[in-house]
Amino acid sequence: MNEQQQISRYVSYMYSYPHKTAYRTLTPPVSLSPYLERLEGREASLYFHIPFCAHKCGYCNLFSQQCCDAERISLYLHTMRRQGEQLSVAAQALKFTSFAVGGGTPLILDEGQLEELFCLAELFGVHPSRVFTSVETSPEYTQKSVLRQLRARGVERLSMGVQSFNETELKKLKRRPGLGTVVGALENIVEAGFPQFNLDLIYGIEGQTVESFMRSLNTALTYRPNELFIYPLYVRPGTRVRSTDDIGYAIYKSARELLVGQGFVQTSMRRFVRRETTETEFSCGDEVMLSCGAGGRSYLGNLHYATPYAVRQQAIADEIDHYIRTTDFMTAANGFLLSTEEMQIRFIIKNLMYHRGVDLAEYEKRFGEKPDRNLFREFTDRGWIEETGRIVRLTEEGMAYSDYIGQAFISPAVRKLMSEYVYP
């Protein structure tokens, strides 16, 4: 076995920086007002988090509670309204260009409650028919009437986790919806005609083979999604599944070959998109995002804040209770204040993990200095990073090692905070 084969590609899901486990109590709490004022005129994303699911899947450590209590969900939505009323006044100078509703399972809400959410978004000047809007769902919650409501409101993108079309694999994931429910949901989604339709699949499930995954992938393609996320299965704190890394790379390579051959563009290790162009997708690393709801993460310049990270059901329930009791939403109590160095690291990680790579000229313009080329040397020598013109990007092989590579850029200070985090 060569050196590259001995390195685990699936160290941890590297999708943002710093991770929530590096967030700490902000003492004293930080006022949001000056940060929002400094961002006047900036484009931003609005995110609403609905942290409720009918069933908690075995692999999931997201901030979500297994709960169908109508009264609790109603109290939560009333709290979101109070939060939105405070934030929207302070955020009037932001230009919201995208809106997403995630969870949890947002469509656990009934049609009246969904309408409440859209009315709440309007406080921020956000109308789904005018702003790119994405909503997540699960197979159990794809009734035709709800899908028609989303389309009538102008929702452009619907995203649904299928994970596998193999009943045995679904049971290994401790995932409740059976194939009959999944197929019915997909038929309803296709009929509704969302302009953008994403499906999620997972590889690395115990007992899974290249052949069984490819059968799931080919089945997914029959429903003509124009976006696919294929995720390696990570064994995370607080989850109840086992994973195997021995054939994960073989599955990834087969899936990538098929999708690229069918005209999909790979924009990250996980994401494949079939559109005429991806040139409108700009670099990231200093994006502005404002969130409503417990569990939602906000990025306001160098201030990142969110509900304290939790994985156990009781701990998540306690945080939701605390959120419902909150009266002041204009301060951040838990988060991370990024130094210039941490902002530089974030810019590199976020852009390097994306297919367009790190634009060195843009980096120099933003930070007034060039990045240290030694940061990339190890991976350049391995053939995982290449420089073309003034763009540093992952090679095809490097893309497969995205999570491993991303971990290498974490600062010692953030790494220490993450290692010391006690999961509630």
Query raised in the report: Hey, what's the range 116-191 come to in accessible area per residue, 1.4 Å probe, Å²?
Result: 42 Å²
Report summary line: the chain, Gaussian network, Cα under 10 Å: of Asp403, Asp321, Asp200, the residue fluctuating most is Asp321
Query raised in the report: When the chain is treated as a GNM, springs tying every alpha-carbon pair under 10 Å, which of Gly301, Gly180, Gly58 comes out with the largest mean-square fluctuation?
Result: Gly180
Requested in this report: Please say if the range 1-101 is rounded, prolate or oblate, where rounded means a/c under 1.5 for a ≥ b ≥ c the square roots of the C-alpha gyration tensor eigenvalues, and otherwise the choice is prolate for a/b larger than b/c and oblate otherwise?
Outcome: oblate
Report task. Between Gln262 and Glu43, with labels modelled 7 Å along Cα→Cβ, what's the label distance in nm to one decimal, could you check? Result -> 3.0 nm
Query raised in the report: Going 7 Å from the Cα of Val311 in the Cα-to-Cβ direction, what parts of the range 7-47 have a backbone nitrogen less than 17 Å from that spot?
Result: 10-16, 19-23
Query raised in the report: Pick from Ala250, Ala54, Ala333: which residue has the top mean-square fluctuation in a GNM of the chain where Cα pairs under 10 Å get a spring?
Result: Ala250
Report task. Over the range 302-424, give the accessible area per residue in Å² for a 1.4 Å probe, as an integer. Result -> 47 Å²
**Report entry** Carbon and sulfur %, accessible surface of the chain computed with the full protein complex present, 1.4 Å
**Finding:** 50 percent
Query raised in the report: On full extension of the chain, what length is gained from Glu167 through Asp381, given 0.36 nm per residue of separation minus the C-alpha to C-alpha distance?
Result: 72.7 nm
Query raised in the report: Given the protein chains as shown and a 1.4 Å probe, how many square angstrom of Cys67 are accessible, to the nearest 10?
Result: 10 Å²
Requested in this report: Can you pull the one-decimal nm distance between simple spin-label points at Arg390 and Thr97, each 7 Å off the Cα toward Cβ?
Outcome: 2.1 nm
Query raised in the report: In the chain, what percentage of the DSSP-assigned beta bridges are antiparallel, given to the nearest 5?
Result: 40 percent
Report summary line: At the level of C-alpha centres, the distance separating the range 188-232 and the range 50-83, in angstrom, is 26 Å
Query raised in the report: If R0 is 30 Å, what FRET efficiency do you get for Arg151 and Asp69 from their C-beta distance, rounded to 0.05?
Result: 0.55
Query - Listed residues Arg9, Arg148 arranged by accessible area, highest first, probe 1.4 Å - result: Arg148, Arg9
Report summary line: In the chain, taking the dipole from +1 charges on Lys and Arg beta carbons and -1 charges on Asp and Glu beta carbons about the Cα centre, the listed residue (Ile349, Ser64, Ser31) farthest towards the positive end is Ser64
Report summary line: Ranked output for segments 206-215, 348-357 by mean other Cβ atoms within 10 Å, highest leading, reads 348-357, 206-215
Query raised in the report: GluC sites (Glu not before Pro) within the range 11-52: which are DSSP loop residues with at most 12 other Cβ atoms inside 10 Å?
Result: Glu40
Query raised in the report: So, how do all the Cα-to-Cα distances of the chain break down into 20 Å bins, in percent, from 0 on up?
Result: 25, 62, 13
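The values are calculated or read from the model by the stated rules, or taken from the named source; none is laboratory data. In this text the structure is predicted, and so the values were computed from the model without any measurement. Cβ coordinates were reconstructed from backbone atoms using ideal geometry, including for glycine residues, and neighbour counts include every protein chain displayed. Just the protein is used for accessible areas: all its heavy atoms, side chains included, with ligands, DNA and RNA removed. Shrake-Rupley method; radii C 1.70, N 1.55, O 1.52, S 1.80 Å.
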